[in-house]
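A quick write-up on the structure given underneath.
Please treat every number below as a calculation from the coordinates, not as lab data. Predicted model only: the values in this text are computed from it and were never measured.
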Amino acid sequence: MRPAIFTVEIHEANNGEELVKKAQELNPVLIVTDNQMPKMTGLAAVSRIKSFLPNVKAVLFTNDNVQFDGIVVNKSGTNAIDLLIQAVQSSLP
């Protein structure tokens, strides 16, 4: 059996609104984003994106001092998000 061959494209967004716009244009299968973004958080942007791309997968990074749990994620409509809480403290160089 031959391994699957696929192409990976990486695109950047400067803020949450731009992330939503690019998702509409590019129809990604995976989104990797930080939660702390200008204009709209990563969680809010992915929640909006899932309204028109329900099968998109997303990985959300954050070092916010907020609690993300399954209840918050599910209520936002982003139940496919994997939340990776960064263990890096802001006091580190």
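For segment 32-37, backbone phi angles converted through the Karplus equation (6.51, -1.76, 1.60; θ = phi - 60°) give residue-by-residue couplings of 10, 8, 8, 6, 7, 10 Hz, Gly and Pro being listed as x.
A full extension of the chain between Ser51 and Glu25 corresponds to an added length of 7.9 nm, given 0.36 nm per residue minus the alpha carbon distance.
Close amide H contacts of Ile31 (hydrogens built in the peptide plane, cut-off under 5 Å, sequence separation of 5 or more or a different chain): Lys57, Ala58, Val59.
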